[in-house]
Amino acid sequence: MADLYFTEEHEWVSVNGDTAIVGITSYATEQLGDIVFVELPDIGKTVKAGDETAVVESVKSASELFAPLSGEIISANEALEDAPETVNEDPQDRGWFFSIKIADKSELASLMDKEAYDSFVQGL
Amino acid sequence: MRYLPLLDEDRAHMLKTIGVDSVDDLFTDIPKCARLENGLDKLPEHASEPCVEQHFSELAAKNINAGSVPFFCGAGAYRHHIPASVDHLIQRSEFLTAYTPYQPEIAQGTLQTLFEFQTQVAQITGMGIANASMYDGSTACAEAVLMAARITRRSKCILAPNLHPHYAQTTRTLTHTLGIGIEQAATAIGADTDVMQQIDDETACIVVQSPNVFGEVIDLRALADAAHAKGALLIAVNTEIVSLGLLKSPGEMGADIVAAEGQSIGNSLNFGGPYVGLLACRDDKKFIRQAPGRFAGQTLDAAGKRGFVLTLSTREQHIRREKATSNICTNSGLCTLAFTIHMALLGDVGFRHLAKLNHQKACDLADQLSAIDKVELLTPMFFNEFTLRLPKSAHEVVENLAKRGILAGVPASRLFGEGIMDDLLIVAATETNSDIQLSQFATALAEELS
Amino acid sequence: MSMNAKGRPTKPETSNISPQFGSALLQEEGLLHEVGHCDKTGVDMEKLSGRTSRLGYLERSEATGMVGLSEPEALRHYVRLSGRNYAIDLGLYPLGSCTMKHNPRLNEKLARIPGFADIHPLQPTSTVQGALQLMEELSHWLLEITGMQTVALSPKAGAHGEMCGMLSIREAILAKGELEQRRRVLVPQSAHGTNPATAAACGFEIDEIPANAEGRVDWDVFCSRLGPDVAAIMLTNPNTCGLFEPDIRKIADLIHEHGGYFYCDGANLNAIMGKCRVNDLGVDAMHINLHKTFSTPHGGGGPGAGPTVLSSRLADFAPVPFVKTGKTGKLQLVEQLNDAPDSFGRMCAFHGQMGMFVRALAYMMSHGGDGLRQVSEDAVLNANYLLARIKDHLSPAFSGTCMHEALFDDEFLKGSGVTTLDFAKALIDEGYHPMTMYFPLVVHGALLIEPTETESLQSLDAFADTLCELANAAKSGDQERFTQAPVKAPLRRLDETKAARHPVLRFQENLQNT
């Protein structure tokens, strides 16, 4: 069973063992509007927590996704390249962006759980 | 003053509505020390239309315009005939005085013509897609290099030795600040294919011009293969777009990006500008994402009718700011319109006829000039421009022939500086040259050299 | 029905059908590639002699795929398309920061004189003395207006001019041996996107300065960001909120004290000509958009021209080519880098946008020094009059007067269900081009209005009445008028998501109706 975490950058992080799958929250997709393009990281690339790792674009905006945790990129959701609308349709499942092999599990402590994220969003 | 509609009584009424006493009350944020109390009193006062016209006529009379003499200059700008209807259409208020089409509901005229332009450019270059134009060919070339560096994530760029020197210098200026390393061997006719030896695993792109600055037509196929074998891209540069009516297209020969000058179609010489830069590339998402400048794209409106919009603008500076693919904030709007209209009038049939006619005129001229004693044709494989070696300074010959009323071409020294190629003359002929003008030139050159 | 002798009706029957004004003059028109034909041409040329080409296997073997039109068909195609464009000549074009003023037709006429339009950039300079003199005269006017030391004429547009200014600054820093150290360029948040994009293209890092509550540079933040690693500040003045930066001289002095340079974005020069000179404000480099201030046509998005004035601190680093007077009094062109050892290089082929130089100089001479000052005064007066007329109906972003443009936020639309975009699109149905929207980024739902000096009082009053009426309609809950707008334009709102998700960037046979 995976544990779900969130960041202040409106990313969700689903952790299963030492693997984390990353995507953006429904709140983020509502703010962005229609997503028209997604740029994914190269597989095998090593990232540090906070690095710009992917790009998500709507018609009039471009935003970066930051790596929520340090580690190695082990997969990317290539289906998004041809169907970026998936992120709008199903942000927290089929609309995932990439997965990381977690280098340092202690970094999880800096992420929010669902409850904390919900109240964070309410405060915006 | 004829361009200012306000009357003094209007101004008084407006100041009253605003609630200030004088117009200067609206300028009080200007620091006192910087205010110009007497305005621009060192400049002349306003002038009537005939007065201004008179002054410009006098200035223009000090220039010799190409159409008034036998004229053979090229080297990146070419004199072609422009149908009268082109200039009429681009002066329509709705095209001339419109802004960038950011409100597509009331800018379909501009947007649809841009879409037609992009289609024509893609068709003649043999590439998948083209953008809505750049400033000119030289800046398109620099942008193509930056684009190739982003696509390949490499930073070495090799320029062919006979790339137009203005293009090479522009490319250096606009890319070196981003860490692009430019390599270029010394200029030498016949040496362009040598760039193959310089390609390595760090090479982002090779930039090869065909026809090159001396007029030589280059077979790009082996160059494309050599670049691709090392994961590098081939940028094909073209400064005389009419040549593509007769030559195999760069796309067909394997080019990845084409950077070209489109002035020859629809646009006057204008002493160097405004011109229209063409940028075309493979129809590949990775390429389109990294392309500079504007794109018009097809879509539907709320009622399901076809229409066009500026699209993919997240690459551009107004959204991406410091992360934009380029700082460019314009295209050559009206020049692209002139290009599109002229090209639509030509059509495939006319475009290819025009190219053949240019080649034929240049072949005839080359025959006549190279028959002169001690004149040597250095570039047998040419389109409408070729290079001659003269028995004396080409600069001197051009100056002397100008005094006799013939503009005989561009001395290589004008482009490369005095010293190394003083005896080389670059000569272009187009459909605007009559057969009589060709023989006038040959006769005058023979006399000048005898 | 009344008939004349030939049975021709001379009086229409009365009818209840509401008129669709103009649609009879707005014919449907397909794409060139649908209306043209691959065997058609509208150009007659000399016959070919049948001579074989020198090109052998490099000769094209296939057709290009292009289509052609005869001349009457071409005229009809493009004239019909032109009818789908809004234009200055049709009505007020209040795009803030774009300066959509009248484009005098004398300028078009002069630019087409063969002595300017039909001369080659590489003809012997002895045969183009008039063109070089024109460039010198244009330079003289630009330098008188700005008080600066020199001007680089070659930049092809505003953003290219920014590049020219920033590369001059980079070269000056390099000459002092400080390039390794000076990496940072300060850019206010309200800046046009080209400013950070240009600084980044020149290899600098961007440091954004927020605006204060009055829409100006936040002085304390500015001071705190200064240091030995600062290369320059890029500041628009008057700024994109339509306000003059009153601290500008202090900003210039302080940046100079710290060894940096002051780049001023000249997009809004139209507000201050003849009122002050940027050299007296401490500016080191500024591009001038000839297509804004000096009325060269926007042409549906170019071509522009961006001559860049430089202070004495930067003059030596200007790009090639430039004009100089030779020993015999003849004008010459310095084109080789060897002849200009301190120059940062070349920015484009040839000498710049000559066609635009002709138009801009004609504009300046027509106005004269007195008229140019009047231009700025009237531009500022018109903007302030409009502001005064509408400020109680819309919500001005800042209190007080403005320069040549007035900025509003979307406070007045709060609770109406109408967005800035809807409001702007509703203007289209009233026969106006929308104002600049969502820029600058410093206020919410920005609407930036620049009427320019070439609008009459009657035109401003009519526009003000329309804006007030629309604002009141939005507040009174007539939401559909806005969210559905435009309904009277040739097309309804377009699907930009579709265009961006699955780009169709050229004509394709099988995609004509999707």
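Summed over segment B:333-355, residues that are more than 7 Å from chain C (Cβ to nearest Cβ) and of a type in the set (Asp, Glu) total 0. For first residues located in segment B:10-37 and under 15 Å from C:His404 (Cα atoms), partners that are surrounded by fewer than 17 Cβ atoms within 10 Å (Cβ to Cβ) and lie 6+ apart or on another chain with Cβ distances below 6 Å form the pairs B:Asp29/C:Pro246. Return yes when B:Tyr135 is facing chain C (nearest Cβ under 8 Å), touching a Lys or Arg at 6+ places or on another chain (Cβ under 6 Å) and within 24 Å of C:Ala197 (Cβ to Cβ) and no when it is not. Yes, satisfied.
List pairs: first in segment C:267-292 and within 9 Å of another protein chain (Cβ to nearest Cβ) and over 24 Å from C:His256 (Cβ atoms), second charged (D, E, K, R) and assigned to a helix (DSSP H, G or I), Cβ under 7 Å, 6+ apart or cross-chain? Listed by first residue and then by second, the contacts come to C:Met273/C:Arg373; C:Gly274/C:Arg373.
Screening the candidates C:Cys241, C:Cys264 for the property of being under 24 Å from the mean Cα position of the chain (by Cα), at pLDDT 95 or above and surrounded by 24 or more Cβ atoms within 10 Å (Cβ to Cβ) yields one hit, C:Cys264.
Can you pull out every residue in segment B:191-224 that is among the hydroxyl-bearing types (Ser, Thr, Tyr) and either crowded, with 24+ Cβ neighbours inside 10 Å or in contact with a Lys or Arg (Cβ under 7 Å, 6 or more places away or on another chain) (or both)?
If the condition is that a residue be among the hydroxyl-bearing types (Ser, Thr, Tyr) and either crowded, with 24+ Cβ neighbours inside 10 Å or in contact with a Lys or Arg (Cβ under 7 Å, 6 or more places away or on another chain) (or both), then B:Thr203, B:Ser210 are the ones that fit.
Among the residues of segment B:70-81, those that are buried (at least 19 other Cβ atoms within 10 Å of the Cβ) and either facing chain C (nearest Cβ under 7 Å) or part of a loop (DSSP other than H, G, I, E, B) (or both) comprise B:Pro70, B:Phe72, B:Cys73, B:Gly74, B:Ala75, B:Gly76, B:Ala77, B:Tyr78, B:Arg79, B:His80. Does C:Gln129 satisfy being at the interface with chain B (Cβ under 8 Å from one of its Cβ atoms), farther than 24 Å from C:Gly165 by Cβ, of a type in the set (S, T, N, Q) and in contact (Cβ under 8 Å) with a residue 12 or more places away in the chain? So C:Gln129 fits the description; yes. Applying the condition of being touching a Cys at 6+ places or on another chain (Cβ under 6 Å) and in a strand (DSSP E or B) to segment B:249-292 and asking which residue is surrounded by the fewest Cβ atoms within 10 Å (Cβ to Cβ) yields B:Ile257. For segment C:470-511: of the residues being under 27 Å from the mean Cα position of the chain (by Cα) and not in a loop (DSSP other than H, G, I, E, B), which is farthest from A:Ser58 (Cα to Cα)? Here the answer is C:Leu494.
Scan segment C:39-59 for residues that are modelled with pLDDT of 95 or more, among the hydrophobic types (A, V, I, L, M, F, W, C) and out of contact with any Lys or Arg (no Cβ under 7 Å at 6 or more places or on another chain) and the total you get is 2. Summed over segment C:81-126, the residues that are at the interface with chain B (Cβ under 7 Å from one of its Cβ atoms) and in a helix (DSSP H, G or I) give a count of 10. Kindly provide the set of residues from segment B:82-101 that are buried (at least 17 other Cβ atoms within 10 Å of the Cβ) and within 7 Å of another protein chain (Cβ to nearest Cβ), ordered by number. Passing the criteria: B:Pro83, B:Ser85, B:Leu89, B:Arg92, B:Glu94, B:Phe95, B:Leu96, B:Thr97, B:Ala98, B:Tyr99, B:Thr100, B:Pro101.
Screening the candidates B:Lys392, B:Lys374 for the property of being surrounded by fewer than 22 Cβ atoms within 10 Å (Cβ to Cβ), over 21 Å from the mean Cα position of the chain (by Cα), of a type in the set (Lys, Arg) and over 28 Å from C:Val128 (Cα atoms) yields one hit, B:Lys374. Cβ-Cβ contacts under 7 Å between residues 6 or more apart (or on different chains), taken from a first residue in segment B:90-109 that is free of Cβ contacts under 8 Å to residues at least 60 places away in the same chain to a second residue that is of a type in the set (Phe, Trp, Tyr), are listed as B:Ala98/C:Tyr86; B:Tyr99/C:Tyr93; B:Ile106/C:Tyr86; B:Ala107/C:Tyr86; B:Gly109/B:Phe95. From B:Leu415, B:Leu369, which residue is part of a helix (DSSP H, G or I), over 22 Å from B:Leu163 (Cβ atoms) and modelled with pLDDT of 95 or more? Within the list B:Leu415, B:Leu369, the selection yields B:Leu369.
Screening C:Gly302 with (1) surrounded by 24 or more Cβ atoms within 10 Å (Cβ to Cβ); (2) touching a Pro at 6+ places or on another chain (Cβ under 6 Å); (3) under 27 Å from B:Arg172 (Cβ atoms) gives one miss only, at (2).
The values are calculated or read from the model by the stated rules, or taken from the named source; none is laboratory data. Everything quoted here is computed from the prediction, not taken from an experiment. When we count neighbours, we look across all protein chains shown, and the Cβ atoms used for this are built from the backbone with ideal geometry, even at glycine.
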